[in-house]
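Inspection log for the structure reproduced underneath, given as structure tokens.
The values are calculated or read from the model by the stated rules, or taken from the named source; none is laboratory data. Everything numeric here is computed off the predicted structure, so don't read it as measured data. Because the Cβ atoms are built from the backbone with ideal geometry, glycine has one as well, and the counts that use them run over all protein chains shown.
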Amino acid sequence: MTTSTAAVEITHLTKRFGKALALDDISLSVPPGSVFGFLGPNGAGKTTTLRILTGLATPTSGTATVLGQDVRHAGHDVRRDIGFLPDVPGFYPWMTARDFLRFAGNLFRLDSRTLAARIDSLLDMAGLGSVSAKIGAYSRGMKQRLGMAQALINAPSLLLLDEPTSALDPIGRREVLEMIASLRGRTTVFFSTHILGDVERVCDTAAILHQGRVVADAPVADLKRRAGAEWIVVEVDGDARALADRMAGAAWLRTAESSGSSLRLAVLDLAQAQRAIPEAVAGLGLGLRRFELAEASLEEVFVELVGGPRP
Amino acid sequence: MSGFAVFLGKELLEIRRTWRIWVIPGLTLFFAITGPILALFTPELLRALATTDSGVVIKLPDPTAREAFAQFLQNLGQIVMIALVISGAGSVSGERSSGTAILVLTKPLSRPAFVLAKVVSQQILVVISTILGTIVTIGVTAALFDKLPVREFVTGVAIWLAFAIFFVAVMTLCSVMIRSRGGAAGAGLFFLFSALIASAFPIVAKWTFAGLPAASTRALLGQTPPLLWPLVTAGIGMVAASALAVGMFQRQEN
């Protein structure tokens, strides 16, 4: 048992599959009660990390502790406090959702009264309360919602979710994100995703994983500030494309994205930009409606750090 | 062995609610009913066929209850064993490929409990199916024949059952070792046929589990085959196969 107070503590963790390096010396810490986003493109190593945290795989080197216990030696005591949803949850197709939740609850040795009450509330939460069909007839979205419900059957201290929203429609996705957000402060949520918007919406802290390495690990607000460029939003009373074309190639400008009459610019030298942009607007005979500094989106930070197209 | 009873309950419920209820029990009961009937009418059919066109008359002995019992034992030793191969091959590998193993193994269910519940549930299924099949065979045979060698028949079935219980553990080991259902089934069939071929050598039949299938037939004929070492080695083999399956499964990643 370590003296760590972090819900999840990963130190110099490496995982090799033969010659392939899936995780390359990653370290990160997840504070208890927080909602932690584990962000990365497909194949970055997110699922491998979760498999190690749940004891399904063993690290090649380094350590991972969950709720203060090393996962390699953690017994069932720590599993009783963890809920896990894999990226594609597999269920017994001959069971109903109620059957599966009862089975899962019995593995956690919940008493029958607590289990019955929890099954009812979780089925309602998952929108499956009135569904009597066998799981074999479920859509992927229904299975994902049942996966969330089974992960919460033991009221876990730590919820590990692997791509929990990837199979959901927009409404289902919003519901799951709201549910994750509602757990903040009571349950530590560690969820992997490649959907940047999900992290922006609910996470306190996020780590960005790329090719098996953690390239950023900080509060979401700090991550946004880390982008190498500053951002300016400009709105004119004409076509912003002409303005973008006029400024293209300027040394102070990194990127310019126009949409109708507005323009979003990533600038390397804010002082120069503040002088050059009004000049360019005036030079084109346009009127300046809006000129303001903007915050980088997580997507922009992600592209900046990962150095490629968005996942 | 955390979670053993809960997971065993799930396994037994799965047998009851899925196709598995129709395979081993269904086959056993089918052969229990049809074995004595076939034994009774096969000589009649052969006589009818032989005398229809050719005018040749074949003299066949009257069928006996022993032949009815032998028919059932033969079906257990062939078709039911193949069914054990097919159902046992996917017991662990099927849970892995469907993703259900991941979901249950991240709960307080130990890996030994997972594997041993698979072994025990399949053994319970085989024992109950065989007992029911034996009772039905005796009942149908009693309705059709006189002079039933019940004691010899029950002894023969019990010897076969010992081999089947051992073989269930072997199939579970195959399913742990080989991740594909087809591969596990192939390994199980290889083991089964190897044992049957090896049992042709008297020394192997006398000293190892491989002698059990032939011993069950000899017991039905009223003979007293050597049973001590075949039973002891089957018991040791069952424990060893189960322990090996547990050990391998604990080291494997899922």
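Please determine whether any residue of the stretch B:202-211 is among the polar types (S, T, N, Q), surrounded by 15 or more Cβ atoms within 10 Å (Cβ to Cβ) and away from chain A (no Cβ under 14 Å). Reasoning before the result, please.
Filtering the stretch B:202-211 for residues among the polar types (S, T, N, Q) gives B:208.
Next, only the ones that are surrounded by 15 or more Cβ atoms within 10 Å (Cβ to Cβ) stay: B:208.
From what's left, away from chain A (no Cβ under 14 Å): B:208.
Yes, because at least one residue in the stretch B:202-211 is among the polar types (S, T, N, Q), surrounded by 15 or more Cβ atoms within 10 Å (Cβ to Cβ) and away from chain A (no Cβ under 14 Å).
Can you pull out every residue in the stretch B:82-101 that is closer than 17 Å to B:ALA169 by Cα and outside any helix (DSSP H, G or I)? Result: B:GLY90, B:SER91, B:VAL92. Test B:LEU12 against the stated conditions and say whether it is away from chain A (no Cβ under 14 Å) and surrounded by fewer than 17 Cβ atoms within 10 Å (Cβ to Cβ). For B:LEU12, the condition - away from chain A (no Cβ under 14 Å) and surrounded by fewer than 17 Cβ atoms within 10 Å (Cβ to Cβ) - is not met. The single condition among (1) surrounded by 15 or more Cβ atoms within 10 Å (Cβ to Cβ); (2) farther than 30 Å from A:PHE17 by Cβ that B:ASN254 does not satisfy is (2).
Scanning the stretch A:73-99 for residues that are in a helix (DSSP H, G or I), more than 9 Å from chain B (Cβ to nearest Cβ) and surrounded by 20 or more Cβ atoms within 10 Å (Cβ to Cβ) gives A:VAL78, A:ALA97. Here A:THR11 passes the criteria (1) more than 14 Å from chain B (Cβ to nearest Cβ); (2) surrounded by fewer than 18 Cβ atoms within 10 Å (Cβ to Cβ); (3) out of contact with any Ser or Thr (no Cβ under 6 Å at 6 or more places or on another chain); (4) not hydrophobic (A, V, I, L, M, F, W, C) except the one numbered (3). Reported count of residues in the stretch A:58-72, each being in contact (Cβ under 8 Å) with a residue 24 or more places away in the chain, in contact with a strand residue (DSSP E or B) (Cβ under 7 Å, 6 or more places away or on another chain) and either within 12 Å of chain B (Cβ to nearest Cβ) or assigned to a loop (DSSP other than H, G, I, E, B) (or both), is 4.
Let's see how each residue does on (1) more than 14 Å from chain B (Cβ to nearest Cβ); (2) in a loop (DSSP other than H, G, I, E, B):
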residue	(1), (2)
A:ASP25	yes, no
A:SER29	yes, no
A:ASN42	yes, yes
A:LEU50	no, no
A:LEU56	no, yes
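Within the group A:PRO170, A:PRO164, which residue is at pLDDT 85 or above and surrounded by fewer than 16 Cβ atoms within 10 Å (Cβ to Cβ)?
A:PRO170
Among residues of the stretch B:178-198 that are in a loop (DSSP other than H, G, I, E, B), those with a Cβ under 7 angstrom from a residue that is surrounded by 15 or more Cβ atoms within 10 Å (Cβ to Cβ) and among the polar types (S, T, N, Q), sequence gap 6+ or separate chain, pair up as B:ILE178/B:SER93; B:ARG179/B:SER93; B:SER180/B:SER93. The set of residues from the stretch A:100-142 being surrounded by fewer than 16 Cβ atoms within 10 Å (Cβ to Cβ), within 14 Å of chain B (Cβ to nearest Cβ) and part of a helix (DSSP H, G or I) comprises A:SER112, A:GLY136, A:ARG140. Only helices (runs of 4 or more DSSP H) whose full extent lies in the stretch A:163-277 are considered here, and the ones with at least 3 residues that are in contact (Cβ under 8 Å) with a residue 60 or more places away in the chain are A:196-202, A:220-225. Yes or no: the stretch B:124-132 includes at least one residue that is surrounded by fewer than 19 Cβ atoms within 10 Å (Cβ to Cβ), in contact (Cβ under 8 Å) with a residue 12 or more places away in the chain and more than 14 Å from B:LEU27 (Cα to Cα). Within the stretch B:124-132, one or more residues are surrounded by fewer than 19 Cβ atoms within 10 Å (Cβ to Cβ), in contact (Cβ under 8 Å) with a residue 12 or more places away in the chain and more than 14 Å from B:LEU27 (Cα to Cα).
One line per residue, one yes/no per condition, for (1) of a type outside the set (D, E, K, R); (2) touching a Phe, Trp or Tyr at 6+ places or on another chain (Cβ under 9 Å); (3) crowded, with 18+ Cβ neighbours inside 10 Å; (4) within 22 Å of A:ILE52 (Cα to Cα):
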| site | (1), (2), (3), (4) |
| --- | --- |
| A:GLN144 | yes, no, yes, yes |
| A:ALA181 | yes, no, no, no |
| A:GLY185 | yes, no, no, no |
| A:PHE191 | yes, yes, yes, yes |
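Number of residues in the stretch B:136-153 that are assigned to a helix (DSSP H, G or I), surrounded by 13 or more Cβ atoms within 10 Å (Cβ to Cβ) and either on the phi > 0 side of the Ramachandran plot or among the hydrophobic types (A, V, I, L, M, F, W, C) (or both): the value is 7. Of everything in the stretch B:72-106 that is surrounded by fewer than 22 Cβ atoms within 10 Å (Cβ to Cβ), free of Cβ contacts under 8 Å to residues at least 60 places away in the same chain and under 30 Å from A:PHE108 (Cα atoms), the residue that is nearest to the other protein chains (Cβ to nearest Cβ) is B:GLY99.
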